[in-house]
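> This is the structure, below, for whatever I ask next.
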Amino acid sequence: MRRKIWVFPILLLIVALLLGGCSPKQSITTTTTTTSALTPLEKSLASGIPTLAEFGRGTCVPCKEMEPILKGLAIEYKGRLNVEIVSVDTYRALTNRYGIMAIPTQLFFDSSGKEVSRHIGFYPKEEIITQLKKMEIE
């Protein structure tokens, strides 16, 4: 009976360690900015153009896999869509403001800056394009 008691906590610890690299850490120092300075995401949201923002970290494997997709979309949809990659380490306040609990998280905003959709995890290009079409971005 004692062995069964220890199995669950050990499995829980292993899962936590495996997933730990892809979730925001709570002990990261917040980068402070003045209230008059806008972040790149805030500038994009104020531009009047729809925005796709991904919250992530450079050490997160799915985040690394998303980077070339997002950079390609930024080129392909230039002038019709802003694409921002937001570091949860650098922009802690934004991460908290948007309730980011896992990374990568993709947020889709309309041209007025209102969030219209959210996805957590790796997001294939084809599925992102489907979401953009729903937002009437061709």
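> Out of all the residues in the stretch 107-124, which are open to solvent by less than 70 Å² (accessible area, probe 1.4 Å) and on the phi < 0 side of the Ramachandran plot?
Listed by number, the residues that qualify are LEU107, PHE108, PHE109, ASP110, SER111, GLU115, SER117, HIS119, TYR123, PRO124.
> Also, I was wondering about something else. Only one of (1) at pLDDT below 95; (2) open to solvent by less than 10 Å² (accessible area, probe 1.4 Å) is not met by LEU132, so which one is it?
Result: LEU132 passes all but (1).
> Let me ask you something else. Taking into account only those residues within the stretch 69-101 that are closer than 18 Å to LYS133 by Cα and assigned to a helix (DSSP H, G or I), which is nearest to the chain's Cα centre (by Cα)?
Residue satisfying both the conditions and the ranking: LEU70.
> Looking at the stretch 115-125 only, could you name the residues that are more than 19 Å from TYR77 (Cα to Cα) and in contact with a helix residue (DSSP H, G or I) (Cβ under 9 Å, 6 or more places away or on another chain)?
Selection gives HIS119, GLY121, PHE122.
> Then there's this: Quick one: ILE137 ticks every box in (1) outside any strand (DSSP E or B); (2) open to solvent by less than 40 Å² (accessible area, probe 1.4 Å); (3) modelled with pLDDT of 95 or more bar one, so which box is it?
(3)
> Further question on the same structure: May I ask you to say which residue of GLU54, GLU42, GLU65 is surrounded by 13 or more Cβ atoms within 10 Å (Cβ to Cβ), closer than 14 Å to PHE108 by Cβ and either of a type in the set (Asp, Glu) or at pLDDT below 50 (or both)? I'd like the intermediate steps shown before the answer.
Values: GLU42 fails: closer than 14 Å to PHE108 by Cβ; GLU65 fails: closer than 14 Å to PHE108 by Cβ.
Result: GLU54 is the single residue among GLU54, GLU42, GLU65 that is surrounded by 13 or more Cβ atoms within 10 Å (Cβ to Cβ), closer than 14 Å to PHE108 by Cβ and either of a type in the set (Asp, Glu) or at pLDDT below 50 (or both).
The values are calculated or read from the model by the stated rules, or taken from the named source; none is laboratory data. Being a predicted model, the structure only gives us computed values, none of them experimental. Glycine gets a Cβ as well: all are built from the backbone with ideal geometry, and neighbour counts include every protein chain shown. For accessibility, only protein heavy atoms count, side chains too; no ligands or nucleic acids. Shrake-Rupley method; radii C 1.70, N 1.55, O 1.52, S 1.80 Å.
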